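Below: one structure, written as structure tokens.
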Amino acid sequence: MATVRPEGEEGREPERAAPAGPAGPVGAWVRGAGRKGPGGRSWFAVGFSLGLGATLAWLTVQTVLEVGSLLTLLLLAVFLALALEPVVVWLTRHRVRRGWAVAAVLVLLLAVFAGFLALVVPPAADEINALVKAVPGWLRDLHDHNSTLGRFEDRYHLVDKAKQQFSSGGASGLAGGLLGAGKFVVGAVTSGAIVLVVMVYVMAFLPALKRFCLRFVAARKRPHVQEVTEEILNRVGRYMLGNVATSVIAGAATFVWCVALGVPYAAALGVFIALMDLIPIVGSTIGGFVVSLVALSVSLPIALATAAFYVGFRLAEDYLIVPKVMRFAVDVHPLVTVVGVLVGGALLGVIGALVAIPAAVAIGIVLDEHVFSRTDVS
């Protein structure tokens, strides 16, 4: 006997119950993961993307901090290569191949360094030999109660204190100090070699590097960007020439001062001050301190007068000579020069102070070309 279906239900499939999801916290997590977040993605995918991005950002920061010293050396090498580029370009304009021009500049730098060593090493070696020869006499004076050193020893017992310090762990401290000094020398030599090698490579392949970097710019904007880049590089070279000019002034002033007051090694000290003055902020200060110590070998009044001379010269250099020369060389306001050097030195130390003014020049050119040109028209 056929089963009679109710009216209106013919041809309709029987309804099936929806499958029940898992109950408890697991089910709530599954149902929450299926909900849509921003952009139509699930909240689970959004949270995973944020966590992955934060992890990658943290790893990037840690990597930059780990290789920060290496990046600083690379920045110094690139800056030196750009600073010497006008000399290389001048040689290439006189029909010298770029490779030979770079080699000539490198030989010139090595010759300057060798000349500096030739002026400094013999006097330093003489002073060290004199110090070594004077040590036995000082030891005899320490045991002589009638001498100045003997009376000083009787009052403060320096020999006994030194022996006690040496026996109570001073030997390990001395060994650690010598090891640290050795590491510093090795690190300085390694850093110098890295800077020299990278600088030579950048100088040799700078045109190819510029063409490669310009390929990241759209073709229609490439000529304008190339023109701005060449202007920035030109300003950097002029800045370096201005810095060399101020250093020559400082070295010449030191030479004249030492000759006038009878301070020994006037030529070596003049070259030393000229090289140290290339380092903004701290270079001339360290150089003046060294020259004052050398002047102490003449007399205390001469040393004090030398220190006062460098204080006055430092003020004149920072607020008169450097701003005027830099404004003539790179057309930067003196206030920007002083503030840029201070900010760069606070961020990256000596390297930051050295590249602060070229960075300010580059920022000024970019603002003139891409920001001020539009705001002046609107």
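The values are calculated or read from the model by the stated rules, or taken from the named source; none is laboratory data. Predicted model, so just to flag it, every value in this text is computed and none were measured. Using ideal geometry, Cβ is built from the backbone for each residue, glycine included, and neighbour counts are taken over all protein chains shown. Ligands, DNA and RNA are stripped out before the accessible areas are found, and what is left, the full protein with its side chains, is counted by its heavy atoms. Shrake-Rupley method; radii C 1.70, N 1.55, O 1.52, S 1.80 Å.
Just a few scattered comments:
- Candidate set from segment 268-289 (those that are modelled with pLDDT of 85 or more and more than 23 Å from the chain's Cα centre (by Cα)); member that is surrounded by the fewest Cβ atoms within 10 Å (Cβ to Cβ): 270
- Tally, over segment 94-108, of residues that are in a helix (DSSP H, G or I) and surrounded by 15 or more Cβ atoms within 10 Å (Cβ to Cβ): 6
- Set side by side, the residues 123, 86 differ, and just one is more than 28 Å from residue 290 (Cα to Cα), in contact (Cβ under 8 Å) with a residue 40 or more places away in the chain and in a helix (DSSP H, G or I), which is 86.
- Residues in segment 37-89 that are β-branched (Val, Ile, Thr) and at pLDDT below 75 were compared, and the one that is farthest from residue 104 (Cα to Cα) is 46.
- When residue 11 is tested against (1) assigned to a helix (DSSP H, G or I); (2) modelled with pLDDT under 50, exactly one condition is not met: (1).
- Residue 70 vs. criteria closer than 21 Å to residue 355 by Cα and in contact with a Leu (Cβ under 8 Å, 6 or more places away or on another chain): no
- Filtering segment 170-177 for residues that are modelled with pLDDT under 70, open to solvent by 90 Å² or more (accessible area, probe 1.4 Å), part of a helix (DSSP H, G or I) and not charged (D, E, K, R) leaves a non-empty set.
- Complete set of residues in segment 216-257 that are farther than 30 Å from residue 278 by Cα, among the charged types (D, E, K, R) and touching a helix residue (DSSP H, G or I) at 6+ places or on another chain (Cβ under 8 Å): 222
- Residue that is least open to solvent (accessible area, probe 1.4 Å), among those in segment 341-354 that are among the β-branched types (Val, Ile, Thr) and closer than 10 Å to residue 279 by Cα: 351
Results for (1) of a type in the set (A, V, I, L, M); (2) in contact with an Asp or Glu (Cβ under 8 Å, 6 or more places away or on another chain); (3) under 19 Å from residue 76 (Cα atoms), shown as yes or no for each residue.
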position	(1), (2), (3)
211	no, no, no
216	no, no, no
220	no, no, no
227	no, no, no
232	yes, no, yes
238	no, no, yes
245	yes, no, no
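- Filter result (out of contact with any Gly (no Cβ under 7 Å at 6 or more places or on another chain), modelled with pLDDT under 85 and of a type in the set (Val, Ile, Thr)) within segment 297-329: 321, 322
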